[in-house]
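Encoded as structure tokens, the structure appears first; notes follow it.
The values are calculated or read from the model by the stated rules, or taken from the named source; none is laboratory data. Everything numeric in this text was worked out from a predicted model, so none of it was measured. Because the Cβ atoms are built from the backbone with ideal geometry, glycine has one as well, and the counts that use them run over all protein chains shown. For the accessible areas, the whole protein counts, side chains as well, though only heavy atoms, and no ligand, DNA or RNA atoms are used. Shrake-Rupley method; radii C 1.70, N 1.55, O 1.52, S 1.80 Å.
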Amino acid sequence: MTAASNKNLISFLLYFAVGLLVVVILTPYLWLFISSISTKRDLTTIPLRWFPPEPTFENYSRLLLGGTGATDAASQFGRCALNSLIVASMVTLISVFFGSLSAYCLTRINFKGRSMLSFTIIIPQLLPPVALIIPLYLIVRKLGLLDTRFALIMTYTSFILPLVIWLMIGHFRSIPPDIEEAARIDGCSRIGALFRVVLPLVAPGIAATFIFAFIIAWNEFFYALIFSSTQSSKTLSVLVEEFSSKFGEDYVLMSTAGVLASLPPVALALVFQRYIVQGLTAGSVKG
């Protein structure tokens, strides 16, 4: 077999593997969308119908506009979507802002215990949520914050902030300190060099970290299920689960809610896809 044949075979296997991976990833989401435009009869018909004979978007109107037949869970969709947006946005902004400053200090300022702190900062990510839920619940209840957005923001920040710091450390390490020193020689203070020179250079990393933090906060379910029970703080991840429990089984509306709940992070990732790639590659190599 010639070198050209080997190259073509490798290319074929590579494209085949990528295509198979895309099918595996997209098939569940495609079935979720098909279920959302079906009726309950279409989903329970034997043999299974892979596509509804009469697709309908009535389920979307029931969720978004409270159309005919909207259940109690469906009527909460708008408020829960707002809760998810507020909580995820606040957690992401707080975590990225303070995480970036903390990561800068850990990479640029020499102090005793810096290496140990950089190593242990990710430990909260290693602890299972089930091991923390009881003490966190007692703290939240003692503070009178149960069923509030602030409780979710505080809890999410406690485990997303360390992840942001850990990610941003890699991005700051990829920036040569000489660039910052040159700015300081030209008259910039340390803070001025940070905001005028360093942060613009790590902007792709900040964007990628922002998106990751937002997706984690948006999709979080366990803490939201324990700490929220009414529309005042309930998030979409909890509401979607209630379509098959508290309010009875409604797989069609559950699928519809799942599609709508997935749109913000998916849209955010598609819009800032270029920054995600740049951020991942920029933080992988030390400058």
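Annotations
- Residues that are among the charged types (D, E, K, R) and over 30 Å from Leu253 (Cβ atoms) within the range 1-41 comprise just one, Lys7.
- Qualifying positions in the range 127-143 - exposed (fewer than 10 other Cβ atoms within 10 Å of the Cβ) and either of a type in the set (Phe, Trp, Tyr) or in contact with a Cys (Cβ under 8 Å, 6 or more places away or on another chain) (or both): none
- Boolean, Phe221 is open to solvent by 20 Å² or more (accessible area, probe 1.4 Å) and either among the aromatic types (Phe, Trp, Tyr) or within 14 Å of the chain's Cα centre (by Cα) (or both): yes
- Considering the conditions (1) of a type outside the set (Ser, Thr, Tyr); (2) without any contact (Cβ under 8 Å) to a residue 12 or more places away in the chain; (3) in contact with a Ser or Thr (Cβ under 6 Å, 6 or more places away or on another chain), Leu32 is excluded by exactly one of them, (2).
- Test result for Leu146, part of a helix (DSSP H, G or I) and either under 30 Å from Cys80 (Cα atoms) or more than 23 Å from the chain's Cα centre (by Cα) (or both): no
- Residues in the range 156-170 that are open to solvent by 40 Å² or more (accessible area, probe 1.4 Å) and touching a Gly at 6+ places or on another chain (Cβ under 8 Å): Leu161, Leu167.
- Top-ranked residue of the range 33-55 - restricted to ones that are open to solvent by less than 70 Å² (accessible area, probe 1.4 Å) and not in a helix (DSSP H, G or I), ranked as farthest from Thr256 (Cα to Cα): Thr45
- Annotation note: Cβ proximity below 6 Å between a residue of the range 1-14 that is open to solvent by less than 100 Å² (accessible area, probe 1.4 Å) and a residue that is at pLDDT 75 or above and not in a helix (DSSP H, G or I) (sequence gap 6+ or interchain) occurs for no pair.
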